[in-house]
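Below you'll find the structure, written out as structure tokens, and then a few comments.
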Amino acid sequence: MPAEWAPHRGTWLSWPHNQATWPDKFAPVPDVFAEIVRQLAPHEEVHINVTGPEMAVDVLALLRPFDLPLGRVVLHENPTNDAWCRDHGPCFIQRAIDGRPEEAIVDWGYNAWGGKYPPFDLDDVIPTRVGAAYGIRVFHPGIVMEGGSLDVNGVGTLLTTEACLLNPNRNPELGRDEIEGYLRDYLGVTNTLWLGDGIVGDDTDGHVDDITRFTDERTVVTVVEDDPRDENYEPLQDNRRRLEGMTDQDGQPFRIMTLPMPRARYQDGQRLPASYANFYIANGVVLLPAYDPERDETARANLQELFPTRRVVPIDAVDLVWGLGAFHCVTQQWPALT
């Protein structure tokens, strides 16, 4: 599995339509997705799953004022249950056969984070539908796995969490060793690193893309909470301590950088999983969720230092995160075949 910063052919999105995901706050969400497309399309293709012709008309109407490059936005009539394409979208992998590059898709099983939000049957088949549309070979490991639960450096190392992958609501018959075997066989990783718990409010049971991310082969960026009274303080301290004892696939320690956590956000009394780690790396840009004007700039500056050849673009994610996810959760990269 190539690293996210490797050159992209494009990005996949599933257009939002499930109003129950954003109770009483769905109206601004399509505009947030339109802004994502506006930022990405000048740099790469944007492939959007829509439920049918009526949604396609609505999407094009939202995008038309942006005057985006022709051919950069491609709509696909692939019905979905929800918008979290990181978790139900195609996971692209690559290999060389007789010196020629070949791509494939891994279609992991998807059960809406342990059966929390049925139905999820339409989302579960999206990777196979994409493979059929483009004539790309599709592998079916037969286990549940979500894209947000793992992050790779592209040369053999993968980050994940015990809270998610060892949760019995995913693959109760599999232990740590068996799960590492699937990751090795289907993603080509040789070094799986396990963090502990995720952040408070994360209904995915601790996805790693809300806490710690690779930014190059030897660098990880992890969120930290400075207030010892905050519920996230100790879990994030524990993850940082674990990182300090970890090494890459070659036995080398990582360079560990940090991002702040935004101040706690609540909606209807519920703590939201707002995190600056849920950024998305694309060609030329990094999309950073913005929640907190006093801390957004610190997060932007820290990430800009790590991505000097890309422009870090903060986008307001306050409405989006009421659905319990941000920009990494709704995107899935399509690596260029090189």
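Contact list please: Cβ distance under 6 Å, first residue in the stretch 151-175 and closer than 21 Å to H8 by Cα and in contact (Cβ under 8 Å) with a residue 40 or more places away in the chain, second residue among the basic types (K, R) and not in a loop (DSSP other than H, G, I, E, B), pairs at least six apart or on different chains.
Taking only residues 6 or more apart or on different chains, the pairs are D151/R213.
Name the residues in the stretch 281-305 that are touching a Pro at 6+ places or on another chain (Cβ under 9 Å) and closer than 12 Å to H43 by Cα, would you?
N283, G284, V285
So, N232, is that one more than 30 Å from E103 (Cβ to Cβ), without any contact (Cβ under 8 Å) to a residue 40 or more places away in the chain and surrounded by 14 or more Cβ atoms within 10 Å (Cβ to Cβ) or not?
Yes: the conditions hold for N232.
Inspect the stretch 158-171 for any residue being crowded, with 18+ Cβ neighbours inside 10 Å, among the β-branched types (V, I, T), modelled with pLDDT of 95 or more and over 21 Å from V330 (Cβ atoms) and give the result as yes or no.
No - not one qualifying residue is present in the stretch 158-171.
Quick grid of which residues meet (1) crowded, with 16+ Cβ neighbours inside 10 Å; (2) closer than 20 Å to P2 by Cα; (3) hydroxyl-bearing (S, T, Y):
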{"position": "A299", "(1), (2), (3)": "yes, no, no"}
{"position": "Q304", "(1), (2), (3)": "no, no, no"}
{"position": "V321", "(1), (2), (3)": "yes, no, no"}
{"position": "C329", "(1), (2), (3)": "yes, yes, no"}
{"position": "Q332", "(1), (2), (3)": "yes, yes, no"}
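Of P289, P273, which residue is touching a helix residue (DSSP H, G or I) at 6+ places or on another chain (Cβ under 9 Å), crowded, with 18+ Cβ neighbours inside 10 Å, not in a loop (DSSP other than H, G, I, E, B) and not basic (K, R)?
P289
Restrict the check to the stretch 314-330 and report whether at least one residue is under 24 Å from R38 (Cβ atoms), of a type in the set (A, V, I, L, M) and assigned to a strand (DSSP E or B).
yes
Which residues, counting only those in the stretch 25-72, are in a helix (DSSP H, G or I), under 23 Å from the mean Cα position of the chain (by Cα) and under 30 Å from D268 (Cα atoms)?
Passing the criteria: V29, P30, D31, V32, F33, A34, E35, I36, V37, V59.
Within the stretch 103-124, take every residue that is in contact with a strand residue (DSSP E or B) (Cβ under 6 Å, 6 or more places away or on another chain) and in contact (Cβ under 8 Å) with a residue 60 or more places away in the chain and give me the one that is surrounded by the fewest Cβ atoms within 10 Å (Cβ to Cβ).
E103
Regarding P16, is this residue farther than 17 Å from A317 by Cα, part of a loop (DSSP other than H, G, I, E, B) and touching a residue at least 40 places away in the same chain (Cβ under 8 Å)?
no
Quick one: which of D177, D210 is buried (at least 23 other Cβ atoms within 10 Å of the Cβ) and either over 19 Å from I281 (Cα atoms) or touching an Asp or Glu at 6+ places or on another chain (Cβ under 7 Å) (or both)?
Result: D210 is the single residue among D177, D210 that is buried (at least 23 other Cβ atoms within 10 Å of the Cβ) and either over 19 Å from I281 (Cα atoms) or touching an Asp or Glu at 6+ places or on another chain (Cβ under 7 Å) (or both).
The values are calculated or read from the model by the stated rules, or taken from the named source; none is laboratory data. All figures in this text were calculated on a predicted structure; none of them were measured in a lab. Note that each Cβ is placed from the backbone with ideal geometry, even for glycine, and that neighbours are counted across all protein chains shown.
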